Structures are given as C-alpha cells and as structure tokens.
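Trainee: Take a look at the following structure, please.
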Amino acid sequence: MTPKNEKEMRDNVCMDIGRCFSENALPFHLAKSPSFINMCPSIGNYGSGLKPKSMYELRTLILKEEIKTTDTIVEDIKKRWPSTGVSIMSDGWSDETLFKMLDDVIEEIGEHLVVQVVTNNASAYKGVGTLLMEKRKHLFWTPCAAHCVDLMLEKTGELPQHATALTEAKKLSKYIYNHQLVLDMMIKFAKRDIVRPTATRFATAFLTLQSIYQVRQPLEAMFTSKVWIECPWATKSD
C-alpha cells in the first residue's frame, strides 16, 4: 500500500467518525474520552469485516457486562474505605427531603466511615449541613470550592464591562458551531477549537472568551478573507 493510499484510507475513516459525531449531535470533546480513544485501535486491531453490535445487544448484553465491570471496580474501592474514609459529594437539588436523602446514604455506607459531606453553597444545603453535623458528631459539612468559584465567575460576568464581551463571544461561538462550513473554515484558520467545555457554565464562558482572544488575529483574517467573502453565509444578516 502506498503512503498516498494510506492517507486516503485514514481520511475516509476520519470523515466517517466525524459524520457520526455530526449526525448524532455528539459533543466534540467526546473525542478526548479514554473509552473513545481505546475503541479506535480495538476496531483497527480486529481488522476489516467487524459486524457492530445491534442496538438491542448494546442495551442488554453489553450494558450488563459493563455494569459487572463497574461493580468490580466499586467493590475494590469499598475495600479501601476503612483506611481512607469516605467523602460524599452531592449534586445540586432543591427537594425538601435533602436531609433524609443524605442521612440515608450515610447510614448505608456506615457512619463510622464517612468523614465529610460536600455540597454546593445554596441555603438549603447549609441548613442540611448543620443538621447532619448535629446528628452525626464526627462528620463535617464542606461547601464545594468549585461552586464558590463558579458563583464568583457568575457575579463577575454580570459586571457591565464583562457582560457585553461574554454575550458577544457566546453569539460568535454559537454562530460558528451552528454552521459546518463556517466551523471548517475557522478550524483551517485558527488550527484549533475555540469553545472550551468545562464542568461549569460560567467557567466555560470565560475560558471560551479567553480562547477567542488568543486566536483573534486568525479569526479576523478569516472574516476578511476571499474565502469568507465568497461564502454563502457572508451575505446572511446574522
């Protein structure tokens, strides 16, 4: 096989992968997932003629096997609890039964193993944290540092000198990523993605703004290029 043919074959495979992402609205950062990275060489090592599993097999047999694997990992982690202790981290809830829910989890794990309960800083959680510490004397309620930082970013983003920039950055990134032709053009000029997905919405907004600033010159070059001027989207009002 000549290098040219190898390149053509790789390009075809990459286009098929990209098409799968686009047609199914899969987030592009999925390409960084360890499971996705492991899947690609596994398919390649199998060789041609691989018959993929059906939807039924994926949601029954394959899923059951993955649950078994996960249970094995969890059991291994549980064995370490007596020496490491347990931190319970709660997602954001607004239900009035918060105290009972968290208290039941502590009971299920074993009160002697739980060191702390980590939640966000909402008033409901502060009250629950106090009640838990009153009932279980050796346990600590800890406000989530990431949530604190996120609230700081939210308030910072509301300042007039920042709000306009964030709004414009959001409009620009949305426009680019909603139009495949424009997105392809942006990647060609900037050599990278501009959206920086993170665990929180406000962190994503600021990191994306920073990313846009870092590729400001390539973006300006793109929107003044002949390629853009001749692009059908250049004449659209949005």
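Taken together, the values in this text are just the output of simple stated rules run on the coordinates, not laboratory data. These figures come from a predicted structure and were not determined experimentally. Reconstructed Cβ throughout: ideal geometry from the backbone, glycine too, with neighbour counts over all protein chains shown.
Trainee: Does the chain come out rounded, prolate or oblate by the C-alpha gyration tensor, with a ≥ b ≥ c the root eigenvalues, rounded set by a/c under 1.5 and, if not, prolate when a/b is larger than b/c and oblate if not? Write down the numbers at each step before the final one.
Mentor: Details: a/c = 3.07, a/b = 1.37, b/c = 2.24.
It is oblate, given that a/c is not under 1.5 and a/b is not larger than b/c.
Trainee: While we're looking at this one, here's another question. Which one, S90, V118, S173, projects farthest toward the positive side of the charge dipole computed for the range 78-178 from Cβ point charges (K/R +1, D/E -1)?
Mentor: S173
Trainee: Compare the peptides 74-81, 212-219 by average per-residue count of other Cβ atoms within 10 angstrom and give them in order, highest first. Before the final figure, lay out the partial values.
Mentor: Numbers: 74-81: 10.2, 212-219: 14.6.
Most protected by this proxy first, the peptides run 212-219, 74-81.
Trainee: Tell me the net charge near T119. Cut-off is 12 Å between Cβ atoms, T119 excluded, with +1 for each Lys or Arg and -1 for each Asp or Glu. All intermediate terms of the calculation are to be shown ahead of the outcome.
Mentor: Values: positive: K126; negative: D91.
Summing Lys/Arg as +1 and Asp/Glu as -1 gives 0.
Trainee: Would you mind checking K7/K191; K64/K135; K64/K100; K32/K188; K78/K137 for any pair whose Cα atoms are more than 29 angstrom apart? It would help to have the intermediate numbers written out before the result.
Mentor: Working: K7/K191 20 Å; K64/K135 39 Å; K64/K100 31 Å; K32/K188 20 Å; K78/K137 23 Å.
K64/K135; K64/K100, as the Cα separations exceed 29 Å there.
Trainee: Loop-only check: which GluC sites (Glu not before Pro) in the range 166-231 are DSSP coil with at most 12 other Cβ within 10 angstrom?
Mentor: Numbers: sites: E168, E220, E230; in loops: E230.
In loop regions of the range 166-231 (DSSP not H, G, I, E or B), the sparsely surrounded GluC sites (Glu not before Pro) are E230.
Trainee: Looking only at L26, L61, L172, which one moves most when the chain is put into a Gaussian network model with springs between Cα atoms under 10 Å?
Mentor: Highest fluctuation among the options: L61.
Trainee: Pairs of Cα atoms under 8 Å, at least six residues apart: use those to get the relative contact order of the chain, whole percent.
Mentor: Computed over the chain, the figure is 10 percent.
Trainee: Select from P82, P160, P41 the residue whose mean-square fluctuation is largest in a Gaussian network model of the chain (Cα-Cα springs shorter than 10 Å).
Mentor: The residue that fluctuates most here is P41.
Trainee: With contacts defined as alpha carbon pairs under 8 Å and 6 or more residues apart, what's the relative contact order of the range 69-165 in percent? The partial results should precede the final answer.
Mentor: Numbers: 79 pairs, mean separation 23.7, N = 97.
Relative CO of the range 69-165 lands at 24 percent.
Trainee: Same structure again: Largest first and in whole Å, what are the equivalent-ellipsoid semi-axes of the range 1-86 based on the Cα gyration tensor, each being the root of 5 times an eigenvalue? Before the final figure, lay out each step's value.
Mentor: On the way: eigenvalues 240, 55, 43 Å².
Taking √(5λ) for each eigenvalue gives 35, 17, 15 Å, largest first.
Trainee: Cross-link candidates for K79: which aspartates and glutamates have Cα within less than 13 Å, leaving aside residues fewer than 8 places away along the same chain?
Mentor: D71
Trainee: Here's another thing I want to ask about it. If we sort 191-197, 54-60 on the protection proxy, mean other Cβ atoms within 10 Å, highest first, what's the order? Don't skip to the answer; put the middle values down first.
Mentor: Values: 191-197: 15.7, 54-60: 10.6.
Most protected by this proxy first, the peptides run 191-197, 54-60.
Trainee: Then there is this: How high is the FRET efficiency from R201 to S48, r the C-beta distance, R0 41 Å, rounded to 0.05? Mind showing how you got there, number by number?
Mentor: Working: r = 43 Å, r/R0 = 1.06.
Step by step, r from the Cβ atoms, then E = 0.40.
Trainee: Moving on. Relative to the Cα centre, what is the charge dipole magnitude of the chain, using +1 at the beta carbon of each Lys and Arg, -1 at the beta carbon of each Asp and Glu, and rounding to the nearest 20 debye? Intermediate values should be presented prior to the final figure.
Mentor: Working: 30 positive and 29 negative charges, 146 e Å.
Computed charge dipole of the chain: roughly 700 debye.
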